[in-house]
Amino acid sequence: MRAEPQAAPYRADPQILALAGWLADAVEPADFPMHRQRFRNRRWDKAVGLADLTDEQWIAHFGRFEPLPGNLPHPLALRYHGHQFRVYNPEIGDGRGFTFAQLRDAEDRLLDLGTKGSGLTPYSRTADGRLTLKGAVREVLATEMLEALGVNTSKTFSVIETGEELVRGDEPSPTRSAVLVRLSHSHIRIGTFQRLAVFGEDEHMRQLVDYCLKEFPGPQPPADAPGRDEPAAVLMHQAVERLADLAASYMAAGFVHGVLNSDNMNVTGESFDYGPWRWLPRWEPGFTAAYFDQTGLYAFGRQPEAIRWNLGQLATALRRICDAEPLVAAFNRFGACYAGALTRRFCWRLGMKSRGLDADSALIAAAEKTMREREMGPDAFFFSHRCGRDATGSLVEALAGYRTVETDDAYWSEPEPQSMLIDEVEAIWSAIAERDDWQPLHLKIAAVRRMGEALGEPPAPAGHGV
């Protein structure tokens with residue numbers, strides 16, 4: 001059984017203010033014509049001491065963005081650069097979002113409340129700074145499913161419909177608008193460090209490294225790692241472990257993020273910012289999520305390599321304040337960290353206790369072969385083969401010697417598994433768009449959370465997340 005987030009009192013702690021002079025710009029939120037609460041995360045509002053807010057107070061803070069007590073006096077649009085489909089872009093930053101607040105949870109972790117669709121910023125360029133209601137609904141579904149599958153993800157905290165008609169080229173227009181708030185352990189991106197490197201802000205980069213190590217503590221580098229006491233090298237080791245685990249969790253979940261640019265890579269290893277995502281309908285390494293990904297750069301099977309490439313950009317940026325050898329040594333750990341995380345996560349979804357890297361790798365190969373031969377998606381495969389049931393062919397041999405975990409939860413006896421394929425997502429949205437019927441969304445969230453309870457606690461990630 002998976003534990004609920006631990007309740008905590010409200011504790012404002014806007015640590016980012018110490019960096020704000022060179023990390024962000026103070027901005028004003030949009031003045032929306034309407035505020036209708038559509039989603040409030042009752043699992044996570046208690047974790048940051050906000051469960052007692054009335055609906056009116058909720059809208060005041062997360063629709064009109066009145067500051068929370070003792071928190072940031074103004075929202076902050078973060079500055080960053082990034083490689084977008086491996087083309088460097090210095091013209092980006094928070095274009096339709098901002099950091100609204102920072103709070104402590106029961107474990108004393110510093111958490112951000114950040115927005116999407118909250119209005120224009122200095123980095124909006126030609127865009128309108130808004131979010132479609134459909135985009136918000138899709139982000140709720142993505143984060144709920146990923147959380148249930150044990151992925152270290154941001155949590156959709158709030159969705160408020162805002163009463164504007166938006167024009168978009170990739171969906172029927174005009175379409176309804178919304179503002180979304182996410183809860184995340186950090187919004188410090190690889191692209192944040194890239195920007196500092198481009199402008200030669202070495203002292204600011206050192207300050208940002210110190211901030212990350214203090215507020216997002218993680219495991220220390222291996223005892224034999226060169227330069228293991230250099231702060232930038234320590235951060236690099238932690239980012240490698242965390243992002244290798246993220247890559248593995250995507251693969252075990254059958255999830256395709258779609259836009260793994262370096263400005264979408266968080267140094268805490270959290271998945272966030274969901275646009276054209278998809279879940280695999282069948283095991284297909286070449287499956288892409290974004291229609292604009294013409295070369296398949298971010299296809300399902302290429303995601304680990306894409307994340308590793310972005311880590312290379314982090315190492316390049318950190319090179320300004322650290323010798324190359326410790327950074328390269330950290331970077332070179334990605335393959336082993338990824339392999340270990342992938343075997344742990346595959347075994348977890350199958351309900352098997354790990355037997356070590358070699359045996360687990362053979363099990364993964366047999367699982368992939370089974371999915372290809374039977375044209376199965378990961379959700380159907382893991383469900384039907386939980387604890388070795390219904391195994392055939394090479395999978396039987398690969399499972400020999402494995403011990404199973406407890407699997408008496410009634411979820412495993414249901415007719416079919418929970419999934420999040422595109423047809424179901426579109427059906428949920430159609431009910432909202434055509435009839436303003438939110439019941440299918442609420443039922444889906446409840447069902448997905450039920451699946452998460454049946455799966456239990458996921459393998460412990462290398463770093464800390466929400």
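No value in this document is a laboratory result; all are computed from the given coordinates. All of these numbers come straight from a predicted model, not from anything done at the bench. All Cβ positions, glycine included, derive from the backbone under ideal geometry; neighbour counts span all protein chains shown.
Structure data summary
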read-out	value
Per DSSP, loop GluC sites (Glu not before Pro) in region 332-422 with at most 11 further Cβ within 10 Å	375, 406
Nitroxide proxy distance, nm - points 7 Å out along Cα→Cβ at residue 294 and residue 57	5.3 nm
Residue order, fewest to most beta carbons within 10 Å, for 156, 99, 192, 288	288, 99, 156, 192
Coil-residue trypsin sites (Lys or Arg not before Pro) of region 1-98, DSSP, other Cβ within 10 Å capped at 11	42
Likely footprinting exposure, 394, 177, fewest C-beta neighbours within 10 Å first	394, 177
Theoretical gain in end-to-end length, residue 439 to residue 74 [0.36 nm per residue, Cα-Cα removed]	127.9 nm
Entries in 116/214; 369/444; 134/155 that, when Cα-Cα distance is taken, lie over 25 Å	116/214; 369/444
The chain: antiparallel DSSP beta bridges as a percent of all, rounded to 5	95 percent
Mean Cβ count within 10 Å, highest first, over the residues of peptides 114-120, 55-61	114-120, 55-61
